[in-house]
Amino acid sequence: MSGSSRGGTDDIGESGTQSNNNIEEQVFSSLNDNYYSLVRERKKSLRARYYFGLIFFVANLLAWFIRDYAQSLLSNSLQYLKACGVGGQDCFHTFGVLRVSLGCYIFFSVMFVSTLETRKLQEGRNSWHCGCWGFKSFLLLLSITLPFFLPSQIVRIYGEIARIGAGIFLLLQLVSVIHFIIWWNKLWTPEDERKKSCSLGLFISTIFHGASFCGVVWMYTSYASRSSCFLNIFFITWTAILLAVIIAVSLHSKVDKGLLSSGIIASYIVFLCWTAIKSEPIIIRCSPVNSEKENRDWITIIAFLIAIFAIVFATFSTGIDYKCFQFGKDEVEEEDDVPYMYGFFHLVFSLGAMHFAMLFISWDLNNSPAKWSIDVGWVSTWVKVINEWFAASFYLWMLISPVVRQNKVTGNNEPVQETTDSSLA
């Protein structure tokens, strides 16, 4: 009796152990499957960014085609559309660009509304963002086609609004660039205990400052060699003054942020000044390039294609840089969180649609840009100049704002805590 009892107890113990092992295996298998499912969803999410970037790139090419070549190829097809006016004139050139931009804006606005506040990879909105490409292709085609049936008055109103949207996009891009400079500065600046033995930061800052100085000198010799080029002389001289102020403020004892970040922003400001001058209408006496050849040689074509890629890259990089626009405390990321904010991503692309429209029509609704030209005209020039000045002012404020706050807090006898965004050294 006792032997059989022990045998039964052993059998029960073994079956219980096996049951526990099975449960553990099931739990482990379930967790393993869930992990790989999250990995697959994350990869889909990251790939989707490039698909949307490709859509945006195609929209840019379509806007260029409508502006420069559609009238000679599609005039017979669009002349019957009432919204396109006599001979389809209101669907080509400037208004054609605005219609394509409006269609792209509609598409990304729909994506923005439908993916806003998506947080987890298991949500249905995540599947919509990462998949359903057949339906989204139909939605894109419908969005691009619809504006060609809208009256020209509505398209013109959109063009006026697009100026504001493009300006907002430039501000977002500027914040993203400054955030990148801060990150780059922290990457190349050695830690406090290694500053005495590491000269990498000093070497890189020397390169950037040298490039900025050479850029100013080169612009003087190339675009301001004559007294008649007074506007270029003003742009370049004011840029040099801004560089001097930035360096002086960076080295001030109360700021003491070093030269690396100021060197990077100096190069960026010089670049903006150069692009502003390049956007001026062709003036032979102030340009190193013969105006008769500038719109015909292969350099112009390559520059145009590079400009399109720059538009797409600027929009893409700003769209995924959502963290620099988070003003609250950083939240702890979990495994099932989306890798980037879908709503913000699509919002940037919708504003980017307005931005590329302004670049293709040179910010002028009554302008008819030449073929293979982009962002050329006095309006474009002043937009870039103001963007340059705003970039310098924004950076200077980031340098002095901690000092201003410190003085206020010190007056109240409270401890000072410097924000991470203002830590440029």
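Being in contact with a Gly (Cβ under 6 Å, 6 or more places away or on another chain) and surrounded by fewer than 21 Cβ atoms within 10 Å (Cβ to Cβ) is a property that Leu365 has. Just one residue in the set Val245, Val249 is at pLDDT below 90 and either in contact with a strand residue (DSSP E or B) (Cβ under 6 Å, 6 or more places away or on another chain) or assigned to a helix (DSSP H, G or I) (or both); that residue is Val249.
Flag: Val155 does not match the condition of being closer than 21 Å to Ser45 by Cβ, in a helix (DSSP H, G or I), β-branched (Val, Ile, Thr) and modelled with pLDDT of 90 or more. Pairing residues of the stretch 209-234 that are within 22 Å of Ile247 (Cβ to Cβ) with residues that are of a type in the set (Ser, Thr, Tyr), at Cβ distances under 6 Å and at least 6 apart in sequence or on separate chains, gives Ala211/Ser267; Ser212/Ser267. Filtered by the rule that a residue be charged (D, E, K, R) and either modelled with pLDDT of 80 or more or under 20 Å from Phe56 (Cβ atoms) (or both), the stretch 324-349 gives a lone residue, Asp337. Residues of the stretch 376-425 that are assigned to a loop (DSSP other than H, G, I, E, B) and either modelled with pLDDT of 85 or more or small (Gly, Ala, Ser) (or both): Val376, Gly377, Ser422, Ser423, Ala425. Residue selection: Ser137 satisfies the criterion of being more than 20 Å from the chain's Cα centre (by Cα) and either at pLDDT below 90 or part of a helix (DSSP H, G or I) (or both).
Within the stretch 146-164, being under 16 Å from Ala353 (Cβ atoms), of a type outside the set (A, V, I, L, M) and out of contact with any helix residue (DSSP H, G or I) (no Cβ under 6 Å at 6 or more places or on another chain) holds for Glu160, Arg163. The set of residues from the stretch 207-254 being of a type in the set (Val, Ile, Thr) and more than 30 Å from Val404 (Cβ to Cβ) comprises Ile207, Val217, Thr221, Ile233, Ile236.
Tyr220 satisfies every condition listed in (1) closer than 19 Å to Ile264 by Cβ; (2) modelled with pLDDT of 90 or more; (3) surrounded by 14 or more Cβ atoms within 10 Å (Cβ to Cβ) except (1). Restricting the first member to the stretch 165-189 and to residues that are small (Gly, Ala, Ser), and the second to residues that are surrounded by fewer than 16 Cβ atoms within 10 Å (Cβ to Cβ) and part of a helix (DSSP H, G or I), the beta-carbon pairs closer than 7 Å and six or more apart or on different chains are Ser176/Ser317.
Note on the stretch 63-118: residues that are in contact with a Leu (Cβ under 6 Å, 6 or more places away or on another chain) and either outside any helix (DSSP H, G or I) or without any contact (Cβ under 8 Å) to a residue 24 or more places away in the chain (or both) amount to 1. Tell me whether the stretch 188-209 contains one or more residues that are surrounded by fewer than 16 Cβ atoms within 10 Å (Cβ to Cβ), modelled with pLDDT of 85 or more and not hydroxyl-bearing (Ser, Thr, Tyr). Yes, the stretch 188-209 contains at least one residue that is surrounded by fewer than 16 Cβ atoms within 10 Å (Cβ to Cβ), modelled with pLDDT of 85 or more and not hydroxyl-bearing (Ser, Thr, Tyr). When we screen Ala166, Ala162 for residues that are aliphatic (A, V, I, L, M), surrounded by 21 or more Cβ atoms within 10 Å (Cβ to Cβ), in contact with a His (Cβ under 6 Å, 6 or more places away or on another chain) and assigned to a helix (DSSP H, G or I), the only hit is Ala166.
The values are calculated or read from the model by the stated rules, or taken from the named source; none is laboratory data. What you see is a predicted model; the values in this text were computed from it and never measured. Heads up, the Cβs are rebuilt from the backbone with ideal geometry, glycines too, and the neighbour counts pull from every protein chain shown.
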